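A.B. asks: Have a look at the structure that comes next, please.
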Amino acid sequence: MMLSHKASPGAQAGQVIGLDALRFAAAGLVMLYHLACTAWLVPSSEAAGLLAAPVGFPGPLPGPLPGPLPALLPLSASGWIGVPIFFVISGFVIAYTATGATPRRFLESRALRLLPCAWFCASVTFVLALGFAPEGVAELTGRYLKTLLLFPAPRWIDGVYWTLGIEISFYAFVFALLALGRTDRLEPAVACLGLASALAWCLAATPLVSGLDVLISTRIAKLLLVTHGCEFALGVVIWAASRRGWTGRRLAVAALCLTGSLLQIGYDARFTRHSLGLDPAAWAPLAVPLGLYLGFLGLFLLSVRTNEHLLRMLGRGAPALRAIGLSTYPLYLLHTFVGVLAMRAMLALGLDPLASLAAGIAAAVLAALAVSGWIEPVLRRRLRGLIDRHLQPRDGLLGRAASTRRKPA
């Protein structure tokens, strides 16, 4: 994550170092949700299908699969909270990326950040799915092609791709502002989007409109940014405050968007608790995700406020944390298939569920680091070369192209 602060030696100019750690932690929460929760509790989930399918590894699986890891369940069952956290971070990052950018430059930066990794990870997942998923080749091929196209409606080669359509909708909203030459209106425009989303969730929390919570949680509502607009807006407001300070208006917008976001999270928590079949009396289903989310926001604000101090403390170690932050995207896209299949291999070899979970997490993290460190940069350079050769700069709607050498955030 980048801002225009002076960097310490070894850090990229303006690196908000804490956000790299936070987004990796958010991806870790989502990974824990799939590997330590849905793989064991939701038979219809992709993770459970991969874990139980009796093919591929030497030796039989050790009888019926062991139950979930009870000590981890309060945390792992709340790991989905990583997604709203991602949306807040995205609002912050996209506001930074759009600052001073032409429409073309913004479009290129998003394409270079989104496409190479998505295409490669989808291809890896497709190959693994052909060997281990219960669906047939025709079904998997159709999902794979939809994923390569970033098709906004399900199903994809892996369910985690559902968030990319929502991210692209937000990119399109910001791109429209750039194309209209109204970058200066980014903060108020996104604030209006966030307040509309928050209002919808506040109304859904009252008896005035029955079933509104279900309506604004549909796929079309997500793509129209009704569901998660309040989270994107929170990120943009934090970005604006980091540059120009907190004002009464920004505090009011942040408070209202936070209210909407908490109501949205409450809806997801109740829905998830029901789908997992968890006993609401056994643990506090709302306290854990809400606590994680509010804790993240506190650390988010602290990391922005103390960024220069953190960079000085880390010194030349900052690039290592940056590398971890950059691995978040492939970790999010690969963890289900790579992590669960590694778990399954360890179970087949006789390891207990906890050791198998550790192996699955390690395999997913190592795969993500390999993709972000070696494979993704090569693919990005090739895509950049294609853009430079075949999409020559022109004035007009997209504006005069700036150099595409700026590294995508």
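The values are calculated or read from the model by the stated rules, or taken from the named source; none is laboratory data. Only a predicted model underlies this, so the values are computations on that prediction, with no experimental measurement involved. We place every Cβ from the backbone using ideal geometry, glycine too, and count neighbours over all the protein chains shown.
A.B. asks: Any residue in region 39-51 that is within 23 Å of Leu349 (Cβ to Cβ) and free of Cβ contacts under 8 Å to residues at least 60 places away in the same chain sitting within a Cβ distance under 6 Å of a residue that is surrounded by fewer than 23 Cβ atoms within 10 Å (Cβ to Cβ) and among the hydrophobic types (A, V, I, L, M, F, W, C)? List the pairs, counting only those 6 or more apart or interchain.
C.D. replies: Ala48/Val42
A.B. asks: Among the candidates Arg389, Arg382, Arg394, Arg405, which residue alone is surrounded by fewer than 16 Cβ atoms within 10 Å (Cβ to Cβ) and modelled with pLDDT of 95 or more?
C.D. replies: Working: Arg389 fails: modelled with pLDDT of 95 or more; Arg394 fails: modelled with pLDDT of 95 or more; Arg405 fails: modelled with pLDDT of 95 or more.
Exactly one residue qualifies, and that residue is Arg382.
A.B. asks: Working carefully through the options Ala255, Ala198, find the one that is within 22 Å of the chain's Cα centre (by Cα) and either modelled with pLDDT of 95 or more or of a type outside the set (A, V, I, L, M) (or both). Give the steps one after another, and end with the answer.
C.D. replies: Details: Ala255 fails: within 22 Å of the chain's Cα centre (by Cα).
Testing whether each residue is within 22 Å of the chain's Cα centre (by Cα) and either modelled with pLDDT of 95 or more or of a type outside the set (A, V, I, L, M) (or both) leaves just Ala198.
A.B. asks: Restricting attention to region 322-346, which residues are small (Gly, Ala, Ser) and touching a residue at least 40 places away in the same chain (Cβ under 8 Å)?
C.D. replies: Residues of region 322-346 that are small (Gly, Ala, Ser), as a first pass: 323, 325, 327, 339, 342, 345.
The answer is Ala323, Gly325, Ser327, Gly339, Ala345.
A.B. asks: While we're looking at this one, here's another question. Checking Gln264 against (1) polar (S, T, N, Q); (2) under 21 Å from Val93 (Cα atoms); (3) under 17 Å from the mean Cα position of the chain (by Cα), only one condition comes out false. Which one?
C.D. replies: (2)
A.B. asks: Considering every residue within region 294-305, establish whether at least one is touching an Asp or Glu at 6+ places or on another chain (Cβ under 7 Å), aromatic (Phe, Trp, Tyr) and within 25 Å of Ala77 (Cβ to Cβ).
C.D. replies: First, the residues of region 294-305 that are touching an Asp or Glu at 6+ places or on another chain (Cβ under 7 Å): none.
The answer is no, given that none of the residues of region 294-305 is touching an Asp or Glu at 6+ places or on another chain (Cβ under 7 Å), aromatic (Phe, Trp, Tyr) and within 25 Å of Ala77 (Cβ to Cβ).
A.B. asks: Sticking with this one: Just for region 313-361: of the residues that are of a type in the set (Gly, Ala, Ser), under 19 Å from the mean Cα position of the chain (by Cα) and part of a helix (DSSP H, G or I), which one is surrounded by the most Cβ atoms within 10 Å (Cβ to Cβ)? Steps first, answer last, please.
C.D. replies: So the first thing to find is which residues in region 313-361 are of a type in the set (Gly, Ala, Ser), and the list is 315, 317-318, 320, 323, 325, 327, 339, 342, 345, 348, 350, 355-356, 358-360.
Subset that is under 19 Å from the mean Cα position of the chain (by Cα): 323, 325, 327, 339.
Filter once more, so that each one left must be part of a helix (DSSP H, G or I): 323, 325, 339.
Numbers: Ala323: 13, Gly325: 24, Gly339: 29.
So the residue we want is Gly339.
A.B. asks: Another question about this same structure. Hey, Cys202 hits all of (1) under 24 Å from Pro330 (Cβ atoms); (2) touching a residue at least 60 places away in the same chain (Cβ under 8 Å) but one; which does it fall short on?
C.D. replies: The one condition Cys202 does not meet is (1).
A.B. asks: Please verify whether Trp239 is more than 23 Å from the chain's Cα centre (by Cα) and at pLDDT 95 or above, treating the condition exactly as stated. So that I can check it myself, show each step before the final result.
C.D. replies: Numbers: more than 23 Å from the chain's Cα centre (by Cα): no; at pLDDT 95 or above: yes.
For Trp239, the condition - more than 23 Å from the chain's Cα centre (by Cα) and at pLDDT 95 or above - is not met.
A.B. asks: While we're on this one: Which residues, counting only those in region 285-310, are buried (at least 21 other Cβ atoms within 10 Å of the Cβ) and farther than 19 Å from Ile89 by Cα?
C.D. replies: The one that is buried (at least 21 other Cβ atoms within 10 Å of the Cβ) and farther than 19 Å from Ile89 by Cα: Pro285.
A.B. asks: While we're here: Every residue in region 205-236 that is free of Cβ contacts under 8 Å to residues at least 24 places away in the same chain and under 25 Å from the mean Cα position of the chain (by Cα), please. Break it down into steps so the answer makes sense when it comes.
C.D. replies: We begin by selecting, within region 205-236, every residue free of Cβ contacts under 8 Å to residues at least 24 places away in the same chain; these are 206-212, 214-216, 218, 220-221.
Hits for region 205-236 are Val214, Leu215, Ile216, Thr218, Ile220, Ala221.
A.B. asks: Which pairs have Cβ atoms under 8 Å, sit 6 or more apart or on different chains, and link a residue in region 275-290 that is on the phi > 0 side of the Ramachandran plot to one that is modelled with pLDDT of 65 or more?
C.D. replies: Taking only residues 6 or more apart or on different chains, the pairs are Gly277/Leu41.
A.B. asks: Ok, one more. Please go through region 247-273 and pick out each residue that is in contact with a Leu (Cβ under 7 Å, 6 or more places away or on another chain) and polar (S, T, N, Q).
C.D. replies: Across region 247-273, the qualifying residue is only Ser261.
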